[in-house]
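The values are calculated or read from the model by the stated rules, or taken from the named source; none is laboratory data. Computed from a predicted structure; not experimentally measured. No Cβ is skipped: glycine too gets one built from the backbone with ideal geometry, and neighbour counts run over all protein chains shown.
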Amino acid sequence: MSEQKLSFEQALERLDEIVRHLEKGDLPLNNSLELFEEGTGLLKNCSAMLDDAEQKVVKLKKGPDRKPEELPFDEEL
Amino acid sequence: MERPVLSVSQLNERVRSQLELDPQLSDVCVRGELSNYKIYPSGHHYFTLKDSESSLRCVMFRAQASRLRFRPESGMGVTAFGRVAVYPRDGVYQLYCNALTPEGTGDLQIAFEQLKAKLASEGLFDESHKKPLPAFPERIAIITSSAGAAVHDMIRILGRRWPLTKVLLLPVRVQGPEAPPEIVGAIRYANEFHVADLIITGRGGGSIEDLWAFNDERVARAIYASELPVISAVGHEPDVTISDYVADRRASTPSNAAEIAVPDQEEIREMLSSLSVRGDQAVRKRLDALRERLRRYQEKRVLSDPMAGIDDRRQDLDHIQQRLCSAEERILAGKKQAFIRLASSLDAMSPLRVLSRGYAVAADPSGDIIKSASALEAGQKLQLTFSDGGASCRVERVHLDHGGET
């Protein structure tokens, strides 16, 4: 599904848009129910993104070609 | 040779442009005592700076005055920074002051105020140049020391609030003479390879000397030139550096920078559940309204009892049939009457009926009815027909009504 490709921010924006449409109630019932289904999917995705998120921390190093190289970040307290 | 006659405006203009030619006057630093210090309702500050022998008119506009970190009062010894120029309306020159420091401040503080005044006049702190921060940064570049509490605080808070954001550390020295070029290099590098969509640069607290790299003009200019938004996060709450002024956003501490940089997942989860509730309610409301409409339709008789309509039609049919039948009867009765009338008049005209009243019909032997006596001859045979029979006769004599006799 295309919504999987949305960033969190885009998904949240789309959700907001969907809810405002549903609240206006200006769409035919079929479309409303389709939107509702899309919204439910987005909600599930957003929650899953947060639940599954694991913070990634890397140290950037300038590689031999100047391009950034990612190194693991060790706690050096 | 006659001297040219100048207007007052021309002369003042002449002096003004002469003064502007002196580059030293555009960036001066002068020590003196404040007197006649006044703050106008416009927010501009007007005062005189004097020593034992001389005085200098000064003005500090609201924007610069709002950055003052102490309350100036008449009698105070200060160092003032700014440019000297002519105020043409009054024909006086004055110091357009960008910054003031109270007496007794150290050299670093004076250098700080000088740089701040200079960069302010160049527009490096202008609000209009500040870029908005991304609401949900996907990657954040942290430019700071990889040792020390600051970086760990930031990583911890970023992870707790918004673990979706990837953190890229660009380790730099944050104090000592190497620090400014390293910080500048990292800011430029982050921009060149667009490694993130937001930069946080800063360090934990320390003395004014420790924080000095973030008061470096090169660092300030690199932050200003950065296309990626920059949050400056230096020291503790009361420490303010040049980087703080020039950055798109000032954080009071590195931890505060992490709070500014990313949303709080608790708030976002609440937002999600409120959107979910609103969506549910909207759809339920819609369905309830439709159900209510349906119910109203169901209450109507045509739908609840479909045979009702047919029964009605059936009754209609009966009425029509009845009306048809009675019409038929009426027509038949009429016809019958007419028939009876016709039949009786036919009867009245029947020849037999005439004969029964005593008449007879005469006919010749061939059966032709004789209607006139003149058609008869004596000796001729006649056939007489009565109502109940007939007779064969012979004419003996014919006599006509007008006397003729044959």
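Note on region B:150-189: residues that are of a type in the set (A, V, I, L, M, F, W, C) and either under 21 Å from B:Asp264 (Cβ atoms) or facing chain A (nearest Cβ under 8 Å) (or both) total 12. Taking the numbered list (1) under 21 Å from B:Leu25 (Cα atoms); (2) at pLDDT 90 or above in turn, B:Glu53 passes all entries but (2). Among the residues of region B:248-288 satisfying the criterion of being in a helix (DSSP H, G or I), among the polar types (S, T, N, Q) and under 30 Å from B:Ile187 (Cα atoms), which is nearest to the other protein chains (Cβ to nearest Cβ)? For region B:248-288, the residue satisfying everything is B:Gln265. Just one of (1) within 30 Å of B:Ile268 (Cβ to Cβ); (2) within 14 Å of chain A (Cβ to nearest Cβ) fails for B:Lys131. It is (2). Taking region A:50-77 as the range and being facing chain B (nearest Cβ under 7 Å) and among the hydrophobic types (A, V, I, L, M, F, W, C) as the test, the residues that pass are A:Leu50, A:Ala53, A:Val57, A:Val58, A:Leu60, A:Phe73, A:Leu77. When you look at B:Glu299, is it exposed (fewer than 10 other Cβ atoms within 10 Å of the Cβ) and either over 19 Å from B:Thr385 (Cβ atoms) or acidic (Asp, Glu) (or both), yes or no? Judged against the criteria, B:Glu299 is a match. Taking the stated definitions as given, is B:Ser128 assigned to a helix (DSSP H, G or I), surrounded by fewer than 19 Cβ atoms within 10 Å (Cβ to Cβ), modelled with pLDDT of 85 or more and touching a strand residue (DSSP E or B) at 6+ places or on another chain (Cβ under 7 Å)? When the stated conditions are applied, B:Ser128 does not pass them.
Against the definition (of a type in the set (S, T, N, Q) and surrounded by fewer than 18 Cβ atoms within 10 Å (Cβ to Cβ)), how does B:Ser232 come out, yes or no? Considered against the rule, which asks whether it is of a type in the set (S, T, N, Q) and surrounded by fewer than 18 Cβ atoms within 10 Å (Cβ to Cβ), B:Ser232 comes out as no.
Against the list (1) of a type outside the set (A, V, I, L, M, F, W, C); (2) under 30 Å from B:Arg284 (Cβ atoms); (3) modelled with pLDDT of 90 or more, the condition A:Gly25 fails is (3). Checking each residue in region B:158-172 for being within 25 Å of B:Ala213 (Cα to Cα) and touching a residue at least 40 places away in the same chain (Cβ under 8 Å) picks out only B:Leu158.
Is it true that some residue in region B:305-326 is at pLDDT 85 or above, of a type in the set (Gly, Ala, Ser) and either more than 30 Å from A:Glu23 (Cβ to Cβ) or out of contact with any Leu (no Cβ under 8 Å at 6 or more places or on another chain) (or both)? For region B:305-326, residues at pLDDT 85 or above, of a type in the set (Gly, Ala, Ser) and either more than 30 Å from A:Glu23 (Cβ to Cβ) or out of contact with any Leu (no Cβ under 8 Å at 6 or more places or on another chain) (or both): present. Within region A:33-49, track down each residue that is within 8 Å of chain B (Cβ to nearest Cβ) and among the acidic types (Asp, Glu). Correct list: empty. Would you call B:Ile143 within 22 Å of B:Gly176 (Cα to Cα) and within 49 Å of the chain's Cα centre (by Cα)? The answer is yes for B:Ile143. Is it the case that some residue within region B:169-176 is in contact with a helix residue (DSSP H, G or I) (Cβ under 6 Å, 6 or more places away or on another chain), outside any strand (DSSP E or B) and either outside the structural domain of B:Gly235 (by TED's automatic domain parsing) or of a type in the set (D, E, K, R) (or both)? Yes.
Per-residue answers, yes or no, for (1) within 30 Å of B:Ser66 (Cβ to Cβ); (2) loosely packed, with under 15 Cβ neighbours inside 10 Å; (3) free of Cβ contacts under 8 Å to residues at least 40 places away in the same chain; (4) not aromatic (Phe, Trp, Tyr):
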site	(1), (2), (3), (4)
B:Leu124	yes, no, no, yes
B:Ala150	yes, no, no, yes
B:Pro177	no, yes, yes, yes
B:Pro181	no, no, yes, yes
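Residue-wise test of (1) surrounded by fewer than 18 Cβ atoms within 10 Å (Cβ to Cβ); (2) in contact with a strand residue (DSSP E or B) (Cβ under 8 Å, 6 or more places away or on another chain); (3) more than 23 Å from B:Ala149 (Cβ to Cβ); (4) among the hydroxyl-bearing types (Ser, Thr, Tyr).
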site: B:Val184; (1), (2), (3), (4): no, no, yes, no
site: B:Arg203; (1), (2), (3), (4): no, yes, no, no
site: B:Asn215; (1), (2), (3), (4): no, no, no, no
site: B:Ala222; (1), (2), (3), (4): no, no, yes, no
site: B:Ala247; (1), (2), (3), (4): no, yes, no, no
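Is it true that B:Glu270 is surrounded by 10 or more Cβ atoms within 10 Å (Cβ to Cβ), closer than 23 Å to A:Leu15 by Cβ and either touching a strand residue (DSSP E or B) at 6+ places or on another chain (Cβ under 7 Å) or outside the structural domain of B:Gln114 (by TED's automatic domain parsing) (or both)? For B:Glu270, the condition - surrounded by 10 or more Cβ atoms within 10 Å (Cβ to Cβ), closer than 23 Å to A:Leu15 by Cβ and either touching a strand residue (DSSP E or B) at 6+ places or on another chain (Cβ under 7 Å) or outside the structural domain of B:Gln114 (by TED's automatic domain parsing) (or both) - is met.
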